[in-house]
Amino acid sequence: MKSVQVAVIGCGTIARSQHIKAYMANPHAEIKYFCDTQKERAEKAVRDFGCGIAVADYRTILDDPDVEAVSVCTPNNVHALITIDCLRAGKHVLCEKPAARTYAEALEMQRAQQETGKLLHIGVVNRFHTGVNRIKTMIEGGDLGELYHVYASFRTHRSIPGLGGAFTTKAIAGGGTMIDRGVHYLDLVLYCTGDPRPLTVSGQTFSRLGKDIADYAYVHMWAGPSIRDGTYDVEDSVTALIRTDGPTITLHGAWAQNIGVEESYIDFIGDKAGVRLQYGKDFVVYSAKDGALLETMPIYRSEDMFQNEIDNFLTCVRTGERSTNNIDSVIVTSQIIQAIYDSSDARREIVLQEDSTI
């Protein structure tokens, strides 16, 4: 069977550590192009992975009719631009999370998919995590009873990434810890709970600990080192309350906080049982029976969620099937994140209308 020819646009950390390896491991994929505005990074990918052509301008890929599928692994500020150009050039696209910097940009991407009939998947990779899907099945099967509240905590002590650089510049990233880490937690919750419709959103973001770049003390800093004369205009912590037509969802996240505790879990709380998922890992089920409290840790074989995501994308490219991480399913995550930022700016609750652009 003929292989799907692929282009990887953006050759940074997520492309090298996940996308490229997963394409290389799939027998039905062939990487034809590595693209990066810093061409030396694309050239290094060609050398390291032993395949493909290095280019600096993604428009080279648009003109090649042999390329069917594209992974967009660039900074957030060009997600919408590159994705829309690729869709209109007849390419199927897997765009890394977040879909875009704003809900308005995400809606433009969705419209381009609808106009072109091509696939647009978003890299909310937890939808392909073995444990997450087991929890989703439990919720759908009624094992937790009525699921009325979900709480997500994604907080670290002092770990702002690349302080002063792209991650902390709003014009590039669109936001801070909420759009960087919180997008994964929020989307995971929406997926497991059957994509409930959001009704109201109340949020508050804080940009406090990274303001003095030169004197910022930290535990670790990936994507560093810091840029002392750089920009820091995003949030380092966030809290939010989301009411839906299903469970109420609360979030507490931080890149940096003056509490030396790191948490990375999600609690699904029902009236029959509850589940705590350690993010990216295993989960525990809490319940009661015959007057006794039970604590159960399921043991199962986990698959690589990034490989599952890429394999799914390639299958959909070949068959035309729709996937759970299609932009039509994921767009609500962008809507809620936008509402959290809008609520924080306005210092009031945001009431969402169906199909609202906020």
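The values are calculated or read from the model by the stated rules, or taken from the named source; none is laboratory data. Because the structure is a prediction, the values reported are computed rather than measured. When we count neighbours, we look across all protein chains shown, and the Cβ atoms used for this are built from the backbone with ideal geometry, even at glycine. Protein only, heavy atoms only, side chains kept; ligands, DNA and RNA dropped before computing areas. Shrake-Rupley method; radii C 1.70, N 1.55, O 1.52, S 1.80 Å.
Brief remarks follow.
- At 0.692 mPa s and 37 °C, Stokes diffusion of the range 133-270 via Kirkwood alpha-carbon radius, µm² per second: 207
- Heavy-atom accessible area per residue - the range 35-116, 1.4 Å, Å²: 43
- Maximal additional length on extending the His28-Thr137 stretch stands at 36.3 nm, based on 0.36 nm per residue less the C-alpha distance.
- Hits among lysines - C-alpha to C-alpha of Lys91 under 24 Å, sequence gap 8 or more where chains match: Lys2, Lys21, Lys32, Lys39, Lys118
- Length-normalised contact order for the range 243-286 - Cα pairs under 8 Å, 6+ apart - percent: 22
- Net length available on complete extension from Asp345 to His157 is 65.2 nm, with 0.36 nm assigned per residue and the Cα-Cα distance removed.
- 222 nm mean residue ellipticity, helices alone, for the chain (DSSP H n ≥ 4; -39,500 (n - 2.57); rounded to 500): -8500 deg cm²/dmol
- Efficiency of FRET between Ala56 and Thr13 - r from beta-carbon atoms, R0 22 angstrom, step 0.05: 0.70
- FRET efficiency for the pair Lys39 and Tyr265, taken as 1/(1 + (r/R0)^6) with r the Cβ-Cβ distance and R0 = 56 Å, rounds to 0.85.
- Alpha-carbon spread of the chain, three principal axes, descending order, Å: 64, 52, 39
- Protein accessible area in the range 82-149, 1.4 Å probe - carbon and sulfur %: 43
- Gyration tensor verdict on the range 232-358 (Cα atoms; rounded if a/c is under 1.5, prolate if a/b is larger than b/c, oblate otherwise): oblate
- Label positions at Ile172 and Val219, each projected 7 Å from the Cα along the C-beta direction, are separated by 2.4 nm.
- Residue-normalised accessible area of the range 180-319, expressed per residue, 1.4 Å probe, Å²: 50
- Rolling a 1.4 angstrom probe over the range 237-284 with all protein chains present gives an accessible area of which 48% lies on carbon and sulfur atoms.
- For Glu115 and Tyr286, the difference between the fully extended length at 0.36 nm per residue and the C-alpha to C-alpha distance is 56.9 nm.
- For the chain, the longest principal axis of the Cα atoms and the long axis of helix 39-49 meet at an angle of about 80 degrees.
- Acute angle (nearest 10 degrees) that the helix 305-319 long axis makes with the longest principal axis of the chain, alpha-carbon atoms: 60
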